[in-house]
Amino acid sequence: MSERTALTELANFVGRSSLLSEDMAARNRVLAGISGRMLPRKRGVADLLGVVLAVSARTRRMVQEPVSVDIDVFAPGGARAIRLNLGEG
């Protein structure tokens, strides 16, 4: 298909939306719903507090020293059965 044919088809395109056949009140309800979902919603105090707490916790984790955990598991005879190192070490 040539580029010219594609542009001609696009120029002759006629939309067939179900909104065209409905009454204006129904059309306005649908369009209000679509635009309402696109607009940012109002945030309350609880949402703001949640964001502040999340950022605060993330900042504390970045500042803290890395943690290293060593676990030794011994068999009933006293010999080491498993040694597990988690983290840097």
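A short reminder: the numbers here are calculations on the coordinates, not readings from a lab. All figures in this text were calculated on a predicted structure; none of them were measured in a lab. Ideal geometry is used to build each Cβ from the backbone, glycine not excepted, and the neighbour counts take in all protein chains shown.
Can you tell me which residues in segment 33-57 are charged (D, E, K, R) and surrounded by 10 or more Cβ atoms within 10 Å (Cβ to Cβ)? Talk me through it step by step, then tell me what you get.
Of all residues in segment 33-57, those charged (D, E, K, R) come to 37, 41-43, 47.
Within segment 33-57, ARG43, ASP47 meet the criteria.
Suppose we filter segment 28-77 for residues that are assigned to a helix (DSSP H, G or I) and β-branched (Val, Ile, Thr); how many remain?
Going through segment 28-77 one residue at a time, the tally reaches 8.
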